[in-house]
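Colleague: This structure is in structure tokens; I'll ask about it shortly.
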Number of protein chains: 2
Amino acid sequence: MDEVGDVRIFDTTLRDGEQSPGISLNLKEKVEIAEQLARLGVDVIEAGFPISSDGETEAVKAIAETVRGPVIAGLARVDPGDIDRAAEAVATAERARIHTFIATSDIHMKAKLRMTPAEVVAAAAGGVERARRYVDDVEFSCEDATRSDPEFLVEVFRATARAGATTLNLPDTVGYALPAEFGALLSYLREEVGEDVIWSVHTHDDLGLAVANALAGVEAGARQIEVAVNGIGERAGNCSLEEIVMALRTRGAARGLDTTINSREIARTSRLVSMLTGYAVPPNKAIVGANAFAHEAGIHQHGVMVERTTYEIMDPHDVGLDGSKIVLGKHSGRHAFAQALEDLGFSLSKEDVQKAFERFKALADRKIRITDVDLEAIVVDEIASDEDEYELVSIQVAGGTHMSPTATVRLMREGELIDESAIGDGMIDAACGAIQRATGVEARLESFSVSSVTGGIDALGDVTIVLAVGGDVDGPPIRRATGRGVSTDVVEASARAYLSAVNRLAHLTRRAPEAVA
Amino acid sequence: MDEVGDVRIFDTTLRDGEQSPGISLNLKEKVEIAEQLARLGVDVIEAGFPISSDGETEAVKAIAETVRGPVIAGLARVDPGDIDRAAEAVATAERARIHTFIATSDIHMKAKLRMTPAEVVAAAAGGVERARRYVDDVEFSCEDATRSDPEFLVEVFRATARAGATTLNLPDTVGYALPAEFGALLSYLREEVGEDVIWSVHTHDDLGLAVANALAGVEAGARQIEVAVNGIGERAGNCSLEEIVMALRTRGAARGLDTTINSREIARTSRLVSMLTGYAVPPNKAIVGANAFAHEAGIHQHGVMVERTTYEIMDPHDVGLDGSKIVLGKHSGRHAFAQALEDLGFSLSKEDVQKAFERFKALADRKIRITDVDLEAIVVDEIASDEDEYELVSIQVAGGTHMSPTATVRLMREGELIDESAIGDGMIDAACGAIQRATGVEARLESFSVSSVTGGIDALGDVTIVLAVGGDVDGPPIRRATGRGVSTDVVEASARAYLSAVNRLAHLTRRAPEAVA
């Protein structure tokens, strides 16, 4: 089963990645990301944790039904209820996997599970057996493996392999491992467990070592790596898909260690995930950051001009960084627009194409040249605003150093118009205040960021806002929602983002709490 | 010389870090960062590359004169002119170091240097000898070491150690190394060169392996690590100071591998560098990101509530993350304000305290509670605007979905008022257009980002703008400048940032081109 050169990429952007604070993707957005992951060529998509909510179950089902190519996995604790729900969610997939887990470290077993080691072994094997009744492809993980007793890990992995697990995963849940010891632990487990399975690694970046630990795992014989696009995920995030893929392509391929990822889709995948999650990619991010292939020092610039490889170990074209292309202009019609969307790989309903076309025409009035990256931003904004209760009809603002910033908004809710105005500390504050009055939803602003979609003075502003409610002592638990808005005007983009977050908060409070490892 | 537990931190935030596109720190900002690095307890501050410009020389001189504690290093190629200039710049330091380098990989020697290996060895030894005439503490680096012939590295390092180099540095200039081979290379070199020196490593994050490579170096006997705060630097950046320091503290200390960094200053250092460089820290950044200690999944939140260590391997207080504290209010006077600045570790002139106090009073009118983080932002904004030609007197804007965004600005230049107005695609665009008309400086907007300094609806907006001029074929080389602006109103903050970038562009075009490795 262990073929050299065949390192599988298990993408958990939609599960562990989506657990980043403030991210709440709707069903359409999840399907859009899953389709792009299929285009990128990942081997497995972990589509979600079905038991955590009905919305999550629906999203996993939708991905299992529509996305072809990769294995579709659903996460489940070893509890029967979790496994049954995961099985139901992935049932219609071309190839389905159930990924089940239980914690094996002393601290987790004692403080969290309140189970004895023997009970954990029995529960783990029982969970795998139950999962195998539904599917042939079952993955099992020991949560917090790197802080677990290695001998106990052997026992649990052996029991679960014998119960039918085909992939055994070693998660460094808290980002604690060092590469050398992580590789040694995997070697020890492969040797001691001795079953014919695919070994997998799942690493976190708390000490900046996620990629190095994954690499050490592969060098020790792991043939599956669990990753997230842009390295998002709990806390400091998961192993970044683009970094480990390009590390293997650049340095591992010669030794037969490579993936089958189509690296030219990396840049677009990164942009899509960044836009939909609201997690901007920092300029100094490896592979996909704006500076990853920029050379600043005179000596470096001179070197690259003489011979590119003096300071570049990868070709930016190989990760799909070809610069943005102008695809449409002010006079482009509906047909050219629909064709451009298709070329970009979007598969939208006629209705969505029409909505996106209207936004495009409004934008084209302000901006002469529309690039592929602009188009992506518009479409993604439309996908995001799909389930909205309130819609922004118009906004008007004024302010300055010597006058109070004022905003007036007009919203539409189920065919009814609502007008409101407010003053604020700044114009965005005023606009958000007016929306707060109009919707009656009071939420705390947790973070606010704007970036430009492309360069140039007429660039689209892309605003991300995180709102939160609850979290008081004795009150309901904290709920966060991320909203995005795109416009050439930052105040309008902010109002759109704020309203989108308000719409999602309303949506979120209708879905159940639980989520996981 | 090799003491267990004594891993030195060599900070290159002000040299390699400042080479990130768009960063251009002025002298005051550099001194402020150097003072904070001293407070953090770094062993060596690489203050700059003196030969690259007169401004750079002046900044290194200012740091050498005023900052006490760390060794102050200046970078120099092995050329006599470089070394003489570096020696002059660091002359007044309490403890001075000259760091000299030459490339040793075949591709660099052939394509860039056009020198034979024998010429490179002679130039390297000559450079070190010359540097030793000025100072006892000389560091030598083989640029692009990880793509150099190991036997040739032995030859060059042996020659430079015999010529008097006391620290030998192994840079992975292009971020190409894998941890195991990097550690093995260092072990081989230590063994073969066999001189009594401190071995150092300098790593880059192009494949996401900077921290892991640095760690592998330390495990192989390196006792100096070259780092930058927030991992900034050429391309994907340098090894991040906070990540390697906390990786050693969390996992290395038990084996006697630790630094003497005061980790409780990490969060503030990260904020200061982020604010002054305009490089935001992404939420999923290890150690200092907003999510680094956030737990999102229900299972994780439950675990942490029962027992913190189930999902946390570090205590956030140990890196100085104690939450922002309210330090001043609307009625705080000049004395309380000055005291609060002193408590935060700022050492400002009376004039600067007065300027910052005026900004504080204007802010306090809009915002009731002023936290330590707000104060930092105000002071840092004032430090940044020190050498400005144009000053923003007032701004007034209006716009909306059904009216053209319009802005009117009033600027002051050498006592003279300039009024201008413009319409734009958005209000920020209109404000920038008005400033462009008023100053006559035409530049391309390369990037634009806003983040909120603290949470809450009355948060300060912190805008960063990168402007560029030149770069056309046959024209002058490209010049970029970063501008920051802080205000409760995002359009005002943007206008301040734009004007600050315009002021810096004017300043930049007055300084010379060259910069380095």
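Colleague: Which whole number of Å³ per residue matches the convex hull of the alpha-carbon atoms in chain A?
Modeller: So the per-residue Cα hull volume is 165 Å³.
Colleague: Further, regarding this structure: Among the lysines, which fall within straight-line cross-link reach of B:Lys285, defined as a Cα-Cα distance under 17 Å, with same-chain neighbours fewer than 8 residues apart omitted?
Modeller: Of all the lysines, those that pass the test against B:Lys285 - Cα under 17 Å, at least 8 places apart if same chain - are A:Lys285.
Colleague: Restricting the count to DSSP beta bridges whose residues both fall in chain A, what percent are antiparallel, rounded to a multiple of 5?
Modeller: 50 percent
Colleague: So what is the 222 nm mean residue ellipticity for chain B from helices alone, if each DSSP H run of at least 4 adds -39500 (n - 2.57) and you divide by all residues, rounding to the nearest 500 deg cm²/dmol?
Modeller: Rounded to the nearest 500, the figure is -12000 deg cm²/dmol.
Colleague: Please work out whether the stretch A:45-116 counts as rounded, prolate or oblate from its C-alpha gyration tensor, where a ≥ b ≥ c are the square roots of the eigenvalues and a/c under 1.5 means rounded, while otherwise a/b larger than b/c means prolate and anything else oblate?
Modeller: Because a/c hits 1.5 or more and a/b exceeds b/c, the stretch A:45-116 counts as prolate.
Colleague: Put a dot 7 Å past each Cα toward the Cβ at A:Met403 and A:Ala506; how far apart are the dots in nm?
Modeller: Spacing of the two 7 Å Cα→Cβ label points: 3.2 nm.
Colleague: Right, another one. Give me the net charge for the shell around B:Asn169: Cβ to Cβ below 10 angstrom, other residues only, Lys and Arg +1, Asp and Glu -1.
Modeller: Local net charge: -3.
Colleague: Could you work out how far helix A:117-134 tilts from the main Cα principal axis of chain A, as a 0 to 90 degree angle to the nearest 10?
Modeller: That works out to roughly 70 degrees.
Colleague: OK, next. Could you tell me which of rounded, prolate or oblate describes the protein assembly as shown, using a ≥ b ≥ c as the square roots of the eigenvalues of the alpha-carbon gyration tensor, with rounded for a/c under 1.5 and, failing that, prolate when a/b is larger than b/c and oblate otherwise?
Modeller: oblate
Colleague: Separate question: How would the stretch B:245-384 be classified by its alpha-carbon gyration tensor: rounded, prolate or oblate, with rounded meaning a/c under 1.5 and the a/b versus b/c comparison settling the rest?
Modeller: Verdict is prolate for the stretch B:245-384.
Colleague: Taking the 0 to 90 degree range and rounding to the nearest ten, how far is the long axis of helix A:210-219 tilted relative to the main principal axis of chain A, both from C-alpha atoms?
Modeller: Approximately 40 degrees, to the nearest ten.
Colleague: Mind giving me the FRET efficiency for B:Thr66 and B:Asn262? R0 is 25 Å, r the Cβ-Cβ distance, nearest 0.05 is fine.
Modeller: E between B:Thr66 and B:Asn262, to the nearest 0.05, is 0.80.
Colleague: Using θ = phi - 60° and the Karplus form 6.51 cos²θ - 1.76 cosθ + 1.60, what ³J(HN,Hα) does each residue of the stretch B:152-167 get, whole Hz, x for Gly and Pro?
Modeller: 5, 4, 4, 4, 5, 5, 5, 5, 6, 5, 5, 7, x, 5, 9, 10
Colleague: Spelling out what I want: for every residue of the stretch A:59-70, take phi, set θ = phi - 60°, compute 6.51 cos²θ - 1.76 cosθ + 1.60 (Karplus), and round to whole Hz; glycine and proline get x.
Modeller: Going residue by residue, I get 5, 4, 4, 4, 5, 4, 6, 9, 8, 10, x, x Hz, with x marking Gly and Pro.
Colleague: Give me the extension gain from B:Met412 to B:Arg255: residue separation times 0.36 nm, minus the current Cα-Cα distance, reported in nm with one decimal.
Modeller: Roughly 50.5 nm would be gained on extension.
Colleague: Considering only the label points, 7 Å along Cα→Cβ from Cα, what distances in nm to one decimal separate B:His331 from the same position in each other copy, shortest first?
Modeller: Spacings between copies for this position, smallest first, are 6.8 nm.
Colleague: If the cut-off is a Cα-Cα distance under 28 Å, which lysines reach A:Lys350, setting aside same-chain residues fewer than 8 apart in sequence?
Modeller: Hits, sequence-local ones excluded: A:Lys28, A:Lys30, A:Lys61, A:Lys325, A:Lys330, A:Lys361, A:Lys367.
Colleague: Mind listing the long-range amide H neighbours of B:Val393? Cut-off is under 5 Å, sequence gap 5 or more, other chains count too, H placed in the peptide plane at 1.01 Å from N.
Modeller: Sorted by chain and number, the residues that satisfy this are B:Arg410, B:Leu411, B:Met412.
Colleague: A:Ala91 to A:Asp315: FRET efficiency via 1/(1 + (r/R0)^6), r the Cβ-Cβ distance, R0 41 Å, to the nearest 0.05?
Modeller: 0.45
Colleague: Can you tell me the orientation of helix A:80-90 relative to chain A, as the angle in degrees between its alpha-carbon axis and the longest Cα principal axis, to the nearest 10?
Modeller: Value to nearest ten degrees: 60.
Colleague: B:Asp343 versus B:Val393, label points 7 Å from Cα toward the beta carbon: distance in nm?
Modeller: A separation of 3.8 nm, rounded to one decimal place.
Colleague: Right, another one. Can you list the HN-Hα couplings for the stretch A:268-273, worked out from phi with the Karplus curve (6.51, -1.76, 1.60; θ = phi - 60°), rounded to whole Hz and with x for Gly and Pro?
Modeller: Working through the residues one at a time gives 5, 4, 4, 5, 4, 5 Hz.
Colleague: Amide H to amide H under 5 Å from A:Asp258: which residues, 5+ apart in sequence or cross-chain, H placed 1.01 Å off N in plane?
Modeller: For A:Asp258, the qualifying residues are A:Gly5, A:Asp6, A:Val7.
Colleague: Then there is this: How large is the dipole of the protein assembly as shown about the Cα centre if only Lys and Arg carry +1 and Asp and Glu carry -1, each at its Cβ, rounded to the nearest 20 debye?
Modeller: 1160 debye
Colleague: Given label points at 7 Å from Cα along Cα→Cβ, what nm distances, shortest first, separate A:Arg114 from the same residue in every other copy?
Modeller: Result for A:Arg114, in nm, nearest copy first: 7.8.
Colleague: Within 13 Å, Cβ to Cβ, of B:Arg68, how many net charges do the neighbouring residues add up to if Lys/Arg are +1 and Asp/Glu are -1?
Modeller: Computed value for this residue: -1.
Colleague: To the nearest 20 Debye, how big is the dipole of the stretch B:38-156 about its Cα centre, given +1 on the beta carbon of each Lys and Arg and -1 on that of each Asp and Glu?
Modeller: It comes to approximately 140 debye.
Colleague: Going toward the positive end of the dipole of the protein assembly as shown, with +1 on Lys and Arg Cβ and -1 on Asp and Glu Cβ, which of B:Ser449, B:Ala123, A:Val201 do you reach last?
Modeller: So the residue we want is B:Ser449.
Colleague: How far apart, in nanometres, would the label points at B:Glu58 and A:Ala362 be if each is projected 7 angstrom from Cα along the Cα-to-Cβ direction?
Modeller: About 4.9 nm, to one decimal.
Colleague: Give the long-range amide H neighbours of B:Gly237: residues separated by 5 or more places, or on another chain, with amide H under 5 Å away, using H modelled in the peptide plane at 1.01 Å from N.
Modeller: Amide H neighbours of B:Gly237: B:Asp205.
Colleague: Now for a different question. To the nearest 10 square angstrom, how much accessible area does B:Met314 have with a 1.4 angstrom probe?
Modeller: Estimated to the nearest 10 Å², B:Met314 gives 10 Å².
Colleague: Choose one of A:Leu272, B:Leu392, A:Val211: the residue whose Cα lies farthest towards the positive end of the charge dipole of the protein assembly as shown (beta-carbon charges +1 Lys, Arg; -1 Asp, Glu; about the Cα centre).
Modeller: B:Leu392
Colleague: Dipole of chain B, Cα-centred, from +1 at each Lys and Arg C-beta and -1 at each Asp and Glu C-beta, to the nearest 20 debye?
Modeller: 700 debye
Colleague: Round to the nearest 0.05 the FRET efficiency obtained for A:Asp79 and A:Ala184 when R0 = 25 Å and r is the Cβ-Cβ distance.
Modeller: For A:Asp79 and A:Ala184, the calculated efficiency is 0.20.
The values are calculated or read from the model by the stated rules, or taken from the named source; none is laboratory data. This is a predicted model, so every value here is computed, not measured. We place every Cβ from the backbone using ideal geometry, glycine too, and count neighbours over all the protein chains shown. When the accessible area is computed, the model is the full protein with side chains, heavy atoms only, and any ligands, DNA or RNA have been set aside. Shrake-Rupley method; radii C 1.70, N 1.55, O 1.52, S 1.80 Å.
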